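Worksheet: one structure, shown below.
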Amino acid sequence: MDVNIVYFSGTSFNSPYFPSKELNLVYDLVNSESIDGLILLSGPLSNFISKEEYLIFLKRYKNIPMVSIAIEIPNIPSIVVDNTIGFKKIINHLIKDHNFKRLAFIKGPSNHPEAIQRFKAYKTVLKENNIKYDPKLVVPGDFLEISGIKAIGILYDQRKIDFEAIVSSNDDMAYGALKALQRRDISVPNDIAIVGYDDVQRSSLTNPPLTSVKQPLYEQGRKSLELLLEIIDGKKDIPKLITLPTKEIYRRSCGCFHSQLSKISVEKEISKNSDAFTQLEDKKKSILSELHNIANVHNINLSFFLLKRIYDSYLGAIECKDSLVFIKTIEEILRKEMTKKHKLMYWDNIIVKLYKLTAPFFLFDNEKSLFIENLIHQSRFQLEELLYQRESIRREEDKENKITLDETRRSLMSNFSIEKLAKSINEQLPKIGIKSCYLCLFEDYKKITPYSRLISAYNESISINYSVNNKKERFKTSKLIPKKYLPKDRQFNFIINTVFFRDENKFGYIVFESSEEVSELQNLTRNIGIALKGGLLLQERQVLLEKLERSNKELEEFASIVAHDLKQPLTVIQASLNILKETNMKKLDSESNELIDFSVDASNRMKTMIDDLLHFSRVTASKIVFSEIDLDSILKQVKSDLSVLIKDTKAEIIHDTFPKIMGSKTLLIQLFENLINNALKFRGENPPQIQINLTDKNKNWIIAIKDNGIGIDKINFDKIFHIFQRIHTDKEYLGTGIGLAICKKIVEKHRGKIWVDSELGKGSTFYFKIPKNLNSD
């Protein structure tokens with residue numbers, strides 16, 4: 001069929017196990033502009049809601065042709081299965097063939113139509129076999145594996161009730177119950193038998209294999225698509241309801257063994273007098289048709305030419321009594337199937353069917369009958385060996401795929417920018433078999449918007465990446481993907497997932513073209529959502545930093561203007577006072593002269609404070625670049641700048657040879673100069689002795705500047721690092737109380753910390769810590 005399939009990958013409504021609200025945002029993307037018809041998986045969609053709620057949900061798609069699978073919906077053509085006949089047969093099988101009387105039952109969701117029908121079938125079979133219904137044997141479920149595990153806890157731990165078998169409304173819950181029983185060392189089927197419903201793929205792979213009722217899932221899908229195409233084409237008289245039969249599959253979990261090679265019977269049309277090979281030649285077409293149907297059921301398209309070759313080699317082996325004629329042919333074909341990565345389990349059904357259809361013609365020839373049985377066993381043994389090889393290869397491939405998948409996830413989650421993430425998607429996803437991919441983001445990261453942007457895309461003919469300077473194509477969200485980016489001249493099947501981060505951000509959606517499991521794609525989508533959240537946070541951080549930088553620049557300009565405007569009138573005041581004093585020296589008394597001197601000193605102090613405040617604002621607002629610097633050269637320059645004061649105070653400065661460190665040379669010179677100047681300024685009676693040490697501690701440098709000065713009371717340790725916070729008067733020590741505040745800002749600019757350890761009269765030690773790697777984030 002020339003049909004493109006788009007799968008909107010959500011989950012059951014109101015699911016308690018998944019973030020259904022966010023996952024199911026994908027259903028809001030379904031619209032008549034992007035699809036021509038809609039196949040509803042009504043069974044799983046309505047697991048946790050009532051039928052009425054489900055019908056309300058469907059009203060949004062009233063203008064789109066629809067077909068429902070699993071549940072009959074009024075006024076919508078529906079493909080359902082007979083939930084009763086097959087289920088009744090396996091329950092009767094437990095009662096009549098295995099003689100069980102105490103049957104526990106795991107129900108499905110209380111409002112689910114299929115679950116209701118299966119529960120009715122259970123009660124009906126009990127009644128028909130004169131077994132009293134016991135509500136204590138019935139436990140709730142929701143079609144998910146976890147409820148099967150919980151069911152065992154309810155039966156054994158809460159109700160402490162005896163039972164011989166478990167009937168589950170579906171295979172997932174049966175599998176959960178099987179796991180829970182095995183954890184309790186309860187043997188299945190020796191202690192408890194289990195049967196399920198659906199015959200999902202893993203039912204035949206469980207230990208033991210699960211007895212189940214097979215739903216014709218492939219047939220449901222095929223018929224639903226055929227029906228939908230007829231509706232789209234305007235065909236009249238569309239059936240409103242198609243009911244498909246189910247088939248019971250008996251396996252080990254109920255106590256039965258494989259019965260494919262059961263005793264065969266002679267068909268009436270087989271002639272004793274006619275040659276078997278002649279009769280089989282006449283039957284050839286019908287036999288090949290039956291073998292072809294087996295492949296079709298497993299969704300494998302085997303050519304009649306291939307089946308004819310198998311059939312001819314099989315009869316040839318019987319005729320010449322050489323089993324290798326058939327065995328070599330089977331091996332060659334199976335190995336080719338392995339390279340195509342086809343599943344091989346269905347070949348056992350083909351071999352057994354071939355045996356059942358042909359063996360009756362040779363029942364009157366004991367020698368050939370014995371040869372045929374041996375030939376079938378040899379071919380099945382050959383198949384078993386190849387299955388073992390295929391499983392070994394698959395495990396190795398799974399290891400490689402897991403490594404590749406993990407690398408892909410790490411790559412995606414390490415790109416906290418939209419640009420890098422888009423590039424990573426286009427580079428990494430093809431490595432894990434995703435044929436094409438399209439990442440589309442809403443214009444508002446909180447909800448679906450009328451327009452979206454195509455951030456990244458690739459297929460066999462195009463590859464586009466997001467760029468900060470080129471935000472790519474803006475398109476109507478209802479289109480899902482801009483038409484010009486779709487694969488050209490070929491069929492495609494898409495899986496669409498919503499991209500979100502918890503309930504905070506609904507970023508958009510991603511479209512995959514892949515044969516990978518849907519669950520893996522959902523995990524990848526969540527990784528992309530986390531990366532986008534990280535990118536969004538970094539983007540917001542960058543915006544704030546840019547705002548802060550602009551604000552700091554404005555603050556610096558403002559501070560410069562204010563400083564200039566404040567200093568100018570102070571200069572005028574000083575000049576006026578000095579002129580006044582000089583011109584009126586003889587007229588002014590001593591008190592007036594003292595008042596003028598006091599005013600001049602005050603204006604000088606204010607100018608100093610303005611200069612210091614301007615300097616502080618520049619340190620605060622400045623954007624610095626770190627480079628490798630030589631601490632020894634910095635200390636040499638500081639000592640040169642303070643040489644006069646060092647000589648006047650007879651100070652001694654001691655330090656070892658220091659390594660090169662990362663930092664800002666200009667700021668570190670100021671930092672050392674302020675701290676050493678304080679040590680010289682706040683000296684005691686003895687000449688200052690200053691010792692500078694550097695310690696290498698893990699990822700940091702710790703520098704200590706120790707003096708023998710007057711010391712600091714502990715109560716003032718925090719106060720001294722705040723702007724304009726002084727602990728001495730101007731009469732004791734001149735200053736503005738801003739020097740240590742500048743030191744603190746400089747250290748913080750270096751992503752470090754500064755602190756002091758001191759005792760009154762015993763000197764002080766100022767410490768500051770700076771990271772070694774200042775260029776890392």
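The values are calculated or read from the model by the stated rules, or taken from the named source; none is laboratory data. None of these values were measured; they are calculated from a predicted model. Methodologically, a virtual Cβ is constructed for each residue, glycine included, from the backbone with ideal geometry; neighbour enumeration extends over all protein chains shown. Please note that ligands, DNA and RNA were not included when accessible areas were found on the heavy atoms of the full protein model with its side chains. Shrake-Rupley method; radii C 1.70, N 1.55, O 1.52, S 1.80 Å.
Before moving on, here are some points about what is shown:
- In the stretch 442-453, the residues that are farther than 15 Å from Ile418 by Cβ reach residues that are in a loop (DSSP other than H, G, I, E, B) with C-beta atoms within less than 7 angstrom, at least six apart or across chains, in these pairs: Thr449/Glu443; Tyr451/Glu443.
- The combined condition, being at pLDDT below 90, farther than 17 Å from Asp630 by Cβ and among the aromatic types (Phe, Trp, Tyr), is not fulfilled by Phe658.
- Output for the stretch 309-348, where each listed residue is among the charged types (D, E, K, R) and under 15 Å from Glu373 (Cα atoms): Glu319, Lys321, Asp322, Asp348
- Screening Leu405, Leu370 for residues that are surrounded by 13 or more Cβ atoms within 10 Å (Cβ to Cβ), out of contact with any Asp or Glu (no Cβ under 6 Å at 6 or more places or on another chain) and not acidic (Asp, Glu) leaves exactly one candidate, Leu405.
- Qualifying positions in the stretch 128-170 - charged (D, E, K, R), under 22 Å from Val81 (Cβ atoms) and at pLDDT 95 or above: Glu128
- Reported count of residues in the stretch 286-314, each being farther than 28 Å from Gln220 by Cβ and modelled with pLDDT under 90, is 1.
- Qualifying residue in the stretch 761-775 (condition: open to solvent by less than 60 Å² (accessible area, probe 1.4 Å), of a type in the set (A, V, I, L, M) and modelled with pLDDT under 90): yes
- Scan of the stretch 38-69 for residues that are in contact with a strand residue (DSSP E or B) (Cβ under 9 Å, 6 or more places away or on another chain), open to solvent by less than 20 Å² (accessible area, probe 1.4 Å) and part of a loop (DSSP other than H, G, I, E, B), ordered by number: Ile64
So that you can scan it fast, the table gives a plain yes or no per residue for (1) surrounded by 14 or more Cβ atoms within 10 Å (Cβ to Cβ); (2) among the aromatic types (Phe, Trp, Tyr); (3) part of a helix (DSSP H, G or I):
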| site | (1), (2), (3) |
| --- | --- |
| Lys96 | no, no, yes |
| Phe100 | yes, yes, no |
| Ala104 | yes, no, no |
| Ile131 | yes, no, no |
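- Only one of the numbered conditions (1) open to solvent by 10 Å² or more (accessible area, probe 1.4 Å); (2) over 22 Å from Leu40 (Cβ atoms); (3) among the small types (Gly, Ala, Ser) is not met by Ala174, and that is (1).
- In the stretch 181-208, the residue that is farthest from the chain's Cα centre (by Cα) out of those that are part of a strand (DSSP E or B) and at negative phi is Ala193.
- The strands (runs of 3 or more DSSP E) found wholly in the stretch 635-714 and carrying at least 1 residues that are open to solvent by less than 10 Å² (accessible area, probe 1.4 Å) occupy 660-663, 689-697, 700-706.
- Residue check, Gly86 small (Gly, Ala, Ser), modelled with pLDDT under 95 and in a loop (DSSP other than H, G, I, E, B): no
- When the residues of the stretch 296-334 are filtered to those that are free of Cβ contacts under 8 Å to residues at least 12 places away in the same chain and of a type in the set (A, V, I, L, M, F, W, C), the one that is surrounded by the fewest Cβ atoms within 10 Å (Cβ to Cβ) is Phe305.
- Qualifying residues in the stretch 6-24 (those that are assigned to a loop (DSSP other than H, G, I, E, B) and open to solvent by 20 Å² or more (accessible area, probe 1.4 Å)) - the one farthest from Ile496 (Cα to Cα): Pro16
- Any hit, the stretch 398-407, residues being out of contact with any Ser or Thr (no Cβ under 6 Å at 6 or more places or on another chain) and among the aliphatic types (A, V, I, L, M): yes
- Test result for Lys423, of a type outside the set (Gly, Ala, Ser), closer than 23 Å to Glu513 by Cβ and within 19 Å of the chain's Cα centre (by Cα): yes
- Selected residue (criterion: nearest to Arg202 (Cα to Cα)) from residues of the stretch 139-159 that are among the acidic types (Asp, Glu) and assigned to a helix (DSSP H, G or I): Glu145
- Tabulated pairs, the stretch 282-295, first under 10 Å from Leu307 (Cα atoms), second surrounded by 14 or more Cβ atoms within 10 Å (Cβ to Cβ) and of a type in the set (Ser, Thr, Tyr), C-beta under 8 angstrom, 6+ apart or interchain: Ile287/Tyr311; Ile287/Thr358; Leu288/Tyr311; Leu291/Tyr311
- Glu540 being in contact with a Lys or Arg (Cβ under 7 Å, 6 or more places away or on another chain) and either farther than 26 Å from Asp2 by Cβ or at pLDDT 85 or above (or both): no
- Contact map, the stretch 155-166: first residue in contact (Cβ under 8 Å) with a residue 24 or more places away in the chain, second residue assigned to a loop (DSSP other than H, G, I, E, B) and basic (Lys, Arg), Cβ cut-off under 7 Å, separation 6 or more or different chains; pairs are Asp162/Arg102; Phe163/Arg102; Glu164/Lys101; Glu164/Arg102.
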